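The values are calculated or read from the model by the stated rules, or taken from the named source; none is laboratory data. Everything numeric in this text was worked out from a predicted model, so none of it was measured. No Cβ is skipped: glycine too gets one built from the backbone with ideal geometry, and neighbour counts run over all protein chains shown. For the accessible areas, the whole protein counts, side chains as well, though only heavy atoms, and no ligand, DNA or RNA atoms are used. Shrake-Rupley method; radii C 1.70, N 1.55, O 1.52, S 1.80 Å.
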Amino acid sequence: PKLRKLYEDLRDYYRKPDGEYASSAAEILHMLRHATVAPKIAEIHNILDDNPGPAVVFTWYREAAALCAQELKALYKRPGDPVVVKGDIDPDIRATVAKEAIAKGGIVVATMASLGEGVDLSAAKNVIFLEEDYVPGRMYQVMRRVQRWTTDERHIVAHYLRAFRG
């Protein structure tokens, strides 16, 4: 009973924009994650200016992938910049589209779920996590997609974007 009360008190402390209480702490967490998307997207160009080269931006939310791609398309005009791989692209060609964009030196913006295991994104120089998965195994799987499978000695730079209250 004490833990239930604590949970409900924390949950009910936060309200949704319409004034209603959130139904769970997980809903609050998702609302907070959504609120930090735009400021984190604004930092991506700084990362790519400091570390030029092919990049993969992973998101958790489809909406975040679409917004991120829209912002990046306004900034970058190189071939293949950016390709958005999410549920909108036929699953049979997602891996090919992403690999070709990376090979051109482009940017791929993808939800973590949209690029399945075994997808070769090893030509990417930067991996940017706009959001992270809650499950460590999924994060490991995503990193395996960009692992170097060749004798290429270049480093892959992983960037984790997090928002803090300052």
- Note on the structure: Taking 37-46, 65-74, 6-15 and ranking on average Cβ neighbours within 10 Å, highest first, one gets 65-74, 37-46, 6-15
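Taking only C-alpha pairs under 8 Å that are 6+ residues apart, what is the relative contact order of the chain in percent? Before the final figure, lay out the partial values.
Working: 244 pairs, mean separation 36.8, N = 166.
It rounds to 22 percent for the chain.
Full-extension gain between ASN46 and ALA103, please, as 0.36 nm times their residue separation minus the C-alpha to C-alpha distance.
Details: separation 57, 0.36 × 57 = 20.52 nm, distance 2.17 nm.
Between ASN46 and ALA103, full extension yields 18.4 nm more.
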- Task: Would you please give the residues with an amide H less than 5 Å from that of VAL127, counting only those at least 5 places away or on a separate chain, with H modeled from the backbone geometry?
- Result: VAL56, VAL157, ALA158, HIS159
- Task: In nm, give the distance between the simple-model label positions of ASP9 and HIS155, each being 7 Å from the Cα along the Cα-to-Cβ direction.
- Result: 4.6 nm
- How do 26-32, 55-61 rank on mean C-beta neighbours within 10 Å, highest first? 55-61, 26-32
- Please give the helix 25-35 orientation as an angle from the longest Cα principal axis of the chain, in degrees from 0 to 90, rounded to the nearest 10. 50 degrees
- Task: At 1.4 Å probe size, with every protein chain present, just tell me what the per residue accessible area of the chain comes to in Å².
- Result: 60 Å²
- Task: Quickly work out the ALA35-to-GLU63 label distance, labels modelled 7 Å from Cα along the C-beta direction, and quote it in nm with one decimal.
- Result: 1.4 nm
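How large a share of the accessible area of the chain, in percent, is made up of carbon and sulfur atoms when the probe is 1.4 Å and the other protein chains stay in place? All intermediate terms of the calculation are to be shown ahead of the outcome.
Details: 5610 of 9950 Å².
It is 56 percent, rounded to a whole number.
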- Item | Cα long-axis angle, helix 62-75 against the chain (0 to 90 degrees, to the nearest 10) | 50 degrees
